[in-house]
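For reference, the structure is listed below as structure tokens.
Only the coordinates and a few stated rules stand behind these numbers; no lab work does. Given the structure is predicted, the values throughout are model-derived calculations rather than measurements. Here the Cβ is made from the backbone with ideal geometry for all residues, glycine too, and neighbour counts use every protein chain on show.
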Amino acid sequence: MVESPLVKTLLTTSAPEAAEFLRRGELVAFPTETVYGLGANAFDAAAVERIFVAKSRPADNPLIVHVASIGEVARVTREITPLADRLIGAFFPGPLTIVLPRSADVPDIVTGGLETVAVRMPRHLVALELLGAAGFPLCAPSANRSGRPSPTTWSAVIDDLGGRIACVLQGKATEIGLESTVVDARGDEAVILREGGLPAEEIARVARVRFPAAGEEAPASPGTRYRHYAPSAQVRRVVNPEEVRASRDAAFIGFHHPKGAAEFARCRVVADAAEMARELFAFFRECDANAVRTIYAELPAEEGIGRAIRDRLERAERR
Ligand code: TXA
Ligand code: MG
């Protein structure tokens, strides 16, 4: 893969200024309610190519196209199924990505050559301002180097991509902290390809939900094949914090105080699963910056956002 040439990365809080870069085919990182994204004009194949270079991302991992309005979904898809229509009505804008047949206007590089395209309308005001100022949809993966945890702050974006992208549109730390839920909406059941910010239970209130059968997931959502969401430290999932052994090169994140909390290099006790989702990736990064070798993470209950956290922890532990 080609290495990214060094460029000056502008930090700004002005969406119109950031949109200028997008119009010139450059990359702009921006906040959404889930995680920070790395955006390029979705209709400009050369601009999209730069995303793969900046992130060192495998070319067969397709990107999510972000739109400014519900009406724009039709600009990038060939067909909006009745199921998609219901999901859009209930959850757009928000942390849900739907997969639909792609329109011919979407370049191959966006979809990794698939016949489908993933679409989402973020509900973050800064993201919507940027999309509005640009006037075209933005394809945007999470704004991390491939294989690292998704960034939830603009400074985490700079740590990974500073000098590799033209601009970072600054916002606050992201509200949800995990990526969007990805759903295949081509049929009459919502097939959950990736759990995320919108819990499956919420989707089940408006549609029939199912999870992919074994072997079905990999071709449908190529990204789930790759190492993802993982810190350099080894993650160990914990059911009972009483059983964790504290040490100076270990860290803990969970809902209960572990034994010997003060002995850990880092120890974070959170109130609930929503707070854990919000904190998790920043905690991973903080641990890596402090040479932590093992991160013990207490598992949340298998419900709501807890399901997405369990998925990320499972992937991080497996590596
Ligand atoms: O919250 C999010 O979704 C963030 C923000 C920036 O919107 N974006 C994000 O993008 O997490 P990324 O590239 O890190 O993850 C996109 C996921 C991958 O698992 C990819 O394989 C899947 O969506 N995906 C993209 N296009 C697809 C398609 N046509 N069919 C199936 N899966 C697709
Ligand atoms: Mg990602």
GNM result for the chain, Cα springs below 10 Å: residue of 104, 19, 133 fluctuating most strongly: 104
Pull out the extension gain between residue 105 and residue 257, defined as 0.36 nm times the separation in residues minus the alpha carbon to alpha carbon distance; nm, one decimal. 49.4 nm
The chain: C-alpha gyration tensor shape, a/c 1.5 cut-off, then a/b vs b/c: oblate
Connecting C-alpha atoms closer than 10 Å in a GNM of the chain, tell me which of 101, 82, 300 has the biggest fluctuation. 82
Among 84, 74, 200, residue whose mean-square fluctuation peaks in a GNM of the chain (springs only between Cα atoms under 10 Å): 74
Sparse-neighbourhood loop hits (GluC sites (Glu not before Pro), the stretch 256-318; DSSP loop; Cβ within 10 Å at most 15 others) -> 302, 303
What full-extension length gain, to one decimal in nm, is calculated for residue 172 and residue 78 as 0.36 nm per residue of separation minus the Cα-Cα distance? 30.3 nm
Over the chain, the sum of -39500 (n - 2.57) across DSSP H runs of at least four, divided by residue number and rounded to 500 deg cm²/dmol, gives at 222 nm -8500 deg cm²/dmol
Taking 0.36 nm per residue of separation between residue 248 and residue 232 and subtracting their Cα-Cα distance, the length gained on full extension comes to 4.1 nm
Within a 10 angstrom radius of the beta carbon, how do 32, 174 rank from fewest other beta carbons to most? 174, 32
With angles folded into 0 to 90 degrees, how steeply does helix 125-134 sit against the dominant principal axis of the chain? Use alpha carbons for both and round to 10. 30 degrees
Measuring from the longest principal axis of the C-alpha atoms of the chain, the long axis of helix 305-318 (C-alpha) lies at a number of degrees, nearest 10, equal to 80 degrees
What net charge do the residues around residue 151 carry, taking every other residue with its C-beta under 12 Å from that of residue 151, with Lys and Arg at +1 and Asp and Glu at -1? +1
Using 7 Å Cα-to-Cβ label points, what is the residue 188/residue 290 separation (nm, one decimal)? 5.4 nm
So if we plug the beta-carbon distance of residue 155 and residue 216 into 1/(1 + (r/R0)^6) with R0 = 35 Å, what FRET efficiency do we get, rounded to 0.05? 0.35
Once you list every other residue whose beta carbon is under 14 Å from the beta carbon of residue 256, what net charge do they have if Lys and Arg are +1 and Asp and Glu are -1? -3
Give me the lysines in straight-line cross-link reach of residue 55: C-alpha distance below 20 Å, same-chain residues under 8 apart excluded. 8
What is the sum of charges, Lys and Arg at +1 and Asp and Glu at -1, for the other residues whose Cβ falls under 13 Å from the Cβ of residue 275? -2
So how far, in whole Å, is the C-alpha centre of the stretch 54-78 from the one of the stretch 15-34? 15 Å
Between the stretch 243-319 and the stretch 121-198, the alpha-carbon center distance in angstrom: 22 Å
